[in-house]
Structures are given as C-alpha cells and as structure tokens.
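Here's the structure, in structure tokens; my notes come after.
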Amino acid sequence: MEGIATVVKNAGSHYLLSPLPDWELFPAVLRGKVRLERSGATNPVAVGDRVRYELDGVASEEQPAVIKEILPRDNYLIRRSTNLSRQSHVIAANLDQAVIIVSLLFPEIKLPFLDRILVTCEVYKVPVLIVLNKVDLYREEFPEMVSAFRRIYESAGYTVLETSARTGEGIDVLRERCRDRINLFSGESGVGKSSIIKALDPGLDPKIGRISDVHLQGRHTTSLYEMYRLAGGGFVIDTPGLRGFGLVDLEKEEISKYFPEMLAVTDDCRFVPCTHTHEPDCAVKAAVDAGRISAERYNSYLGMLEEDRKFR
Ligand SMILES: Nc1nc2c(ncn2[C@@H]2O[C@H](COP(=O)(O)OP(=O)(O)OP(=O)(O)O)[C@@H](O)[C@H]2O)c(=O)[nH]1
Ligand SMILES: [Mg+2]
Ligand SMILES: [Zn+2]
C-alpha cells in the first residue's frame, strides 16, 4: 500500500509520520534511494516534510513504513552551523509561521542573533511572530527595556507578543495565532519554547529544562525536532535551542532586502545597488539618523556585512 503523510518527528534514522491534519502516528524509515532535491543538507528529510511511503500491512517498530519520496516543499528553513561551514541543516519544511521566542533576561537576549534568525525567515518567506516570553521575570523591574524592544521590532514591521509560560499571560492570544497553522517554535536554549507548548496545551508533555545557575543559560533540554498537535487546533514544532546561527549565502548587496524596514526605503537611495554604508544620499542612513530605522537593527546589518567580508 502507498500513501502520503507528514513527518512529525525525526529521531536520527527513524521517523514518525502522520496523515495530517489527522493525527495517527506510525513509524517509518528511509531506505533505498529517495529522490531528493539537490540541497547539500545534512538531513535529507525534515519535520514538516510531506512524503510518499510504502507499507505492507500495519506499520510497527518491527515493520515500519518506508519513505520513498519527499514531495516538493512549499517552503523550508535551513541554517548553517557556522559561517565557515558549507553544510546546512533543514530545520523544518512547509511552515505557515515561525514563532521566534526570546526573553530579555535569563538568558540575556542578543539582538544580532535574533536578527539573523529574522533575516533567514525573510529569505525563505516564512511569516514571523516574535514572542517575548518570561515577562513575569523582568517587566515590572525594567519596563523601559520591554518598551525599547517593542519599539525596535514593531517599527521594523514585526508583531511582538508578550507572554509568560509561568503566569499564563498572552497564552490565549498565542493559541489563537497558532490555530489551523503549522508553527515552528524556534529560539535560543532556555527561552521557554517547550514551556510555552505545555502552556498552550497542558495535555502535552514536552521536556522542560532548568536554567543553569552558573551561566543563566538554557541547557539544551529539547534534543529532537518534534511536532505536536494542539488541542485548540493547529500544530507546533518544538526544536532544540539554537546555538550558532550561520547566515545563509547572501550577496552583500542582498542582505538589506531582508530587513523589511530597509527594503521599504532603498528605492530612495541615490546609488543602485547601495550597501547603505559610505554612499552619499543613502535613504537607509537618513532613516537611521532620523530614528525611523533603529540603530540596533542597523548595527546588526553592519555586523552581517562585516562577516560577509570575513568569510568569503
Ligand atoms: N519565570 C518564568 N520561567 C519560565 C518561563 N518559561 C519558561 N521558563 C523556565 O525556563 C526554563 C527553560 O524552559 P524550557 O521550556 O525548557 O526552554 P526551551 O526554550 O524549551 O529550552 P531548550 O529545549 O533547551 O531549547 C525552565 O526552568 C522553565 O520553567 C516563563 O514564562 N517565566
Ligand atoms: Mg525545549
Ligand atoms: Zn542606501
């Protein structure tokens, strides 16, 4: 028998499939020659991939379904482990939304890191929702930090949702935003990705870690890519916390296209292409000077240009 199903879990060489939107999990393996797009990725099949499988009888651990073909992807996200490495890893495929989870403290946020993730989502055309989690820990004490963060990302065109997996704040709104979609949950280790999934649907049981006392960092509790079905509707993919995040291959002149607030004004730059650094009459620099583009985002952009020079 043959069928089409979606990869919902990837544990090394074993996979779990489900015929989404139905939730009936069964094991599968990759065997023989699978027709692949030439991608150079370290993992041929990713969570979210729709696959054609073959199966004799009922799938079991002893007799898993066999993945024969990966169907064309609507979209996907990849990352390079470092800028130096040519190897890339497909994070997930066929996503309706990337929910990027951050916390201002515990672990302390690194804006350039967030901006690289956002650029990657723009490159691969995956709509983004930014979730500012753990507000119970710092908003009362540092309200100006929260409003500064909001200002930076809302002025860039992103939606920022404040949540606390601990108190439940913002969780109903997030549940609504995740409904009827396939959502990737991504972000640094320890920001609360798995905790939020548990808060969205207390019937689920993703592994939740502890922040290390010494480094105030996450401990990479989640180690696999795994999709969950939310009781409220929709699907979420829990992922291991990102460490390094190498930027995808981009030409220097291209990078600013993936900063929506820069893209919006580049037509007014005198030079085409413009790197928005030394050129006269640059609309991006003018917008930064006028405070319409945030200095933090512009600095992240300059950092990416700089790396681009270093690594090729
Ligand atoms: N105070 C507070 N603590 C939280 C919140 N969300 C998560 N935590 C705590 O933060 C720690 C890490 O949470 P996890 O859900 O494991 O984080 P994660 O992002 O899944 O981490 P990795 O799986 O390592 O990538 C745990 O001790 C959680 O209890 C929150 O909103 N408020
Ligand atoms: Mg986790
Ligand atoms: Zn310019």
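The values are calculated or read from the model by the stated rules, or taken from the named source; none is laboratory data. This structure is a prediction, so every number in the text was calculated from the model and none was measured. No Cβ is skipped: glycine too gets one built from the backbone with ideal geometry, and neighbour counts run over all protein chains shown.
Residues are listed down the side, and each one gets a yes or a no for (1) within 16 Å of ligand 2 (Cβ to nearest atom); (2) in the same structural domain as LEU114 (by TED's automatic domain parsing); (3) in contact (Cβ under 8 Å) with a residue 40 or more places away in the chain:
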residue: LEU216; (1), (2), (3): no, yes, yes
residue: THR222; (1), (2), (3): yes, yes, no
residue: GLY233; (1), (2), (3): no, yes, yes
residue: ASP267; (1), (2), (3): no, no, no
residue: ARG270; (1), (2), (3): no, no, no
residue: GLU279; (1), (2), (3): no, no, no
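Summed over the stretch 233-266, the residues that are of a type in the set (A, V, I, L, M, F, W, C), modelled with pLDDT under 95, in contact with a strand residue (DSSP E or B) (Cβ under 9 Å, 6 or more places away or on another chain) and more than 16 Å from ligand 1 (Cβ to nearest atom) give a count of 2. PHE142 falls short on exactly one of the conditions (1) without any contact (Cβ under 8 Å) to a residue 24 or more places away in the chain; (2) surrounded by fewer than 17 Cβ atoms within 10 Å (Cβ to Cβ), and that condition is (1). Which residue pairs have Cβ atoms closer than 8 Å, lie 6 or more positions apart in sequence or on different chains, and pair a first residue in the stretch 194-208 that is surrounded by 14 or more Cβ atoms within 10 Å (Cβ to Cβ) with a second residue that is acidic (Asp, Glu)? That search, which allows pairs on different chains as well, returns SER194/ASP238; ILE197/ASP238; LYS198/ASP205; PRO206/GLU226; PRO206/ASP238. Just one residue in the set TYR138, TYR153 is more than 19 Å from ASP238 (Cβ to Cβ) and under 18 Å from the mean Cα position of the chain (by Cα); that residue is TYR153. Can you pull out the residues in the stretch 267-285 that are modelled with pLDDT under 95 and among the β-branched types (Val, Ile, Thr)? The answer is VAL272, and nothing else. Within the stretch 207-219, being β-branched (Val, Ile, Thr) and at pLDDT 85 or above holds for one residue alone: ILE208. When restricted to residues that are surrounded by fewer than 18 Cβ atoms within 10 Å (Cβ to Cβ) and at pLDDT 95 or above, the stretch 220-232 contains 1. Would you point out the residue of the stretch 154-193, among those that are surrounded by fewer than 20 Cβ atoms within 10 Å (Cβ to Cβ) and among the basic types (Lys, Arg), that is farthest from ligand 2 (Cβ to nearest atom)? Out of the qualifying residues, it is ARG179.
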